[in-house]
Amino acid sequence: MGGEPAERIDALVVGAGPAGSTAAFRLAETGHRVVVVEEHARVGHPVQCAGLVSSRVLELSGARSTIVREVRGASVFGPSLRRVEFRAEEPRAFVIDRAGLDIHLADRAARAGAEFRTGTRFDAKVADEPGAVRVRLRGPDGEAVDVRTRLVVGADGVASAVARAFRLRRPVEILPAFEAEFPTSPGDPDVVEVYLGRTISPGLFGWWIPDGRGGARVGVAADADGTPARVYYDRLLEALARRFGRPLANPTAFVASGIPIGRLPRCVGPRVVLVGDAAAQVKPLSGGGIFTGMRAAEHAAAVAGPALDDDDLGERRLAEYPRRFDAELGDELRRALYLRRVYCRLSDRELDALVDVLRTSHLGGTIVAFGDIDFPTHVARQLLRESPGLLRLLPKALGAFVLPGAGAAAVPELEPGPLRK
Ligand SMILES: Cc1cc2nc3c(=O)[nH]c(=O)nc-3n(C[C@H](O)[C@H](O)[C@H](O)COP(=O)(O)OP(=O)(O)OC[C@H]3O[C@@H](n4cnc5c(N)ncnc54)[C@H](O)[C@@H]3O)c2cc1C
């Protein structure tokens, strides 16, 4: 750095995904000097997402123009490819142009005054200095640039360099994910398809999502058991070929990435907050993180803005952000983590049995009425209320939670809290 005085800013936001650009927008609109660094040359590219979101994401972002397809329901396939379908009258989720969403959010932040530097990577924390922290960036030509910032917002995704640099390392599970885009595909463009089972996707599921142009986004995320996600993806393609009677052909784009699942003990420190995937703020039952990451960014900025004004950027003050996030979404995420542990223990036979029960009972109506991709545990609670016998289907899975002397009483964790619908 040759002794040049480092630039001074209020907030350095690392990563121009939905979480970073939301935080940047809120901090810039409240008058702070914000710089966003994004390691890729273009915001939104490469796309690493299936782009299925709720109407809440569209409201939070104001990005209805990015919708490419409305979705009214889901077909859920058990391991034997028997399926149950849920279909509502009205749209229940939206397939979006994910790059378009990121660009829309970056534009909104830039219009509020945030400065974007693409092709620029956060490299390291250099030193704590009076009133600031000095960090090192690498510009498009690889040149090092030091910046003095009063706050760092780590919105740099699943492999967060900010988390590492500020020693907020995370004991979370990273599910490897693999997805491809097919320009043409058979299938009903009104529903998404979900594929369960240990062969295709142990620990999560495979998906087929209509892309609004006659094609589909097809992918899997699976437990990190050492098997590459690509292997599960190939098995999903085999299942789809059986279902459609012909193989999907000519994929035009591939995504290989990871989905963080778990809860971070610490997502703030002195002069630093983590938001979005960097903080593992992801829905454990689906791996979706756009809604949760944007809500976290809103809370983080609502706390960090006044903290910047008061020049009080200690961990204690910033810890108000995870408390607010937890008050809004903590119960849902805790219950979803619990349910995911149950789900992960289900054998293929039990998953098939579950699909059969849902197909042949009155419970499909409950799923349509209560299904909500942002709050999936609501429907699970309602199903258990209406049909406690479902618990008997899952003896092995539930056995994981039977503590000595506790019997099946471990389950009521799902019960507290009002339904939101
Ligand atoms: C295959 C797949 C499908 C998915 N499908 C869905 C879905 O349908 N719906 C849904 O809600 N969620 C989905 N997700 C999850 C969703 O993509 C993430 O939860 C969401 O993108 C998180 O947003 P973010 O802003 O926290 O991070 P990201 O969107 O990952 O943004 C982080 C940004 O930081 C940049 N960056 C990283 N390191 C640095 C650095 N050192 N310096 C500068 N910049 C850096 C990256 O280039 C990136 O632009 C999917 C994930 C995967 C892997």
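Part of a loop (DSSP other than H, G, I, E, B) and either in contact with a helix residue (DSSP H, G or I) (Cβ under 6 Å, 6 or more places away or on another chain) or assigned by TED's automatic domain parsing to the domain that holds residue 192 (or both): is that true of residue 251 in this structure?
Here the answer is yes, as residue 251 does meet what is asked.
Selection of the stretch 257-303 for residues being over 10 Å from the mean Cα position of the chain (by Cα), within 8 Å of the ligand (Cβ to nearest atom) and open to solvent by 20 Å² or more (accessible area, probe 1.4 Å) yields only 257.
Have a look at 23, 11, 28, 16 and point out the one that is outside any loop (DSSP other than H, G, I, E, B), closer than 28 Å to residue 133 by Cβ, in contact (Cβ under 8 Å) with a residue 40 or more places away in the chain and within 12 Å of the ligand (Cβ to nearest atom). Explain how you work it out, then say what you get.
On the way: 11 fails: within 12 Å of the ligand (Cβ to nearest atom); 28 fails: within 12 Å of the ligand (Cβ to nearest atom); 16 fails: outside any loop (DSSP other than H, G, I, E, B).
Going through 23, 11, 28, 16 in turn, just one is outside any loop (DSSP other than H, G, I, E, B), closer than 28 Å to residue 133 by Cβ, in contact (Cβ under 8 Å) with a residue 40 or more places away in the chain and within 12 Å of the ligand (Cβ to nearest atom): 23.
A count restricted to the stretch 282-294 and to residues that are under 8 Å from residue 261 (Cα atoms) and either free of Cβ contacts under 8 Å to residues at least 60 places away in the same chain or touching a Cys at 6+ places or on another chain (Cβ under 9 Å) (or both) stands at 2.
Taking each residue of the stretch 153-165 that is more than 6 Å from the ligand (Cβ to nearest atom) and looking for partners that are among the basic types (Lys, Arg) with beta-carbon atoms closer than 7 Å, six or more apart or interchain, yields 163/169; 163/170; 165/125. Could you please give the count of residues in the stretch 70-101 that are in a strand (DSSP E or B), crowded, with 22+ Cβ neighbours inside 10 Å and touching a helix residue (DSSP H, G or I) at 6+ places or on another chain (Cβ under 6 Å)? Qualifying residue count, the stretch 70-101: 1. Before we move on, is residue 58 within 13 Å of the ligand (Cβ to nearest atom), more than 30 Å from residue 344 (Cβ to Cβ), open to solvent by less than 50 Å² (accessible area, probe 1.4 Å) and not assigned by TED's automatic domain parsing to the domain that holds residue 360? Against the criterion (within 13 Å of the ligand (Cβ to nearest atom), more than 30 Å from residue 344 (Cβ to Cβ), open to solvent by less than 50 Å² (accessible area, probe 1.4 Å) and not assigned by TED's automatic domain parsing to the domain that holds residue 360), residue 58 qualifies. Residues of the stretch 31-43 that are more than 7 Å from the ligand (Cβ to nearest atom) and surrounded by fewer than 21 Cβ atoms within 10 Å (Cβ to Cβ): 31, 33, 41, 42.
Per-residue answers, yes or no, for (1) touching a Phe, Trp or Tyr at 6+ places or on another chain (Cβ under 9 Å); (2) charged (D, E, K, R); (3) not assigned by TED's automatic domain parsing to the domain that holds residue 283; (4) not in a loop (DSSP other than H, G, I, E, B):
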position	(1), (2), (3), (4)
201	yes, no, yes, no
204	yes, no, yes, no
207	yes, no, yes, yes
217	yes, yes, yes, yes
223	no, yes, yes, no
233	yes, no, yes, yes
238	no, yes, yes, yes
242	no, yes, yes, yes
255	yes, no, yes, yes
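Candidates 213, 217: the one that is more than 10 Å from the ligand (Cβ to nearest atom) and either in contact (Cβ under 8 Å) with a residue 60 or more places away in the chain or over 20 Å from the mean Cα position of the chain (by Cα) (or both) is 213.
A single entry from 316, 341, 323, 392 fulfils the requirement of being in contact (Cβ under 8 Å) with a residue 60 or more places away in the chain, open to solvent by 20 Å² or more (accessible area, probe 1.4 Å) and either assigned to a helix (DSSP H, G or I) or basic (Lys, Arg) (or both): 341.
The values are calculated or read from the model by the stated rules, or taken from the named source; none is laboratory data. Everything numeric in this text was worked out from a predicted model, so none of it was measured. Here the Cβ is made from the backbone with ideal geometry for all residues, glycine too, and neighbour counts use every protein chain on show. Accessible surface is based on the protein model in full, side chains and every heavy atom, while ligands, DNA and RNA are left aside. Shrake-Rupley method; radii C 1.70, N 1.55, O 1.52, S 1.80 Å.
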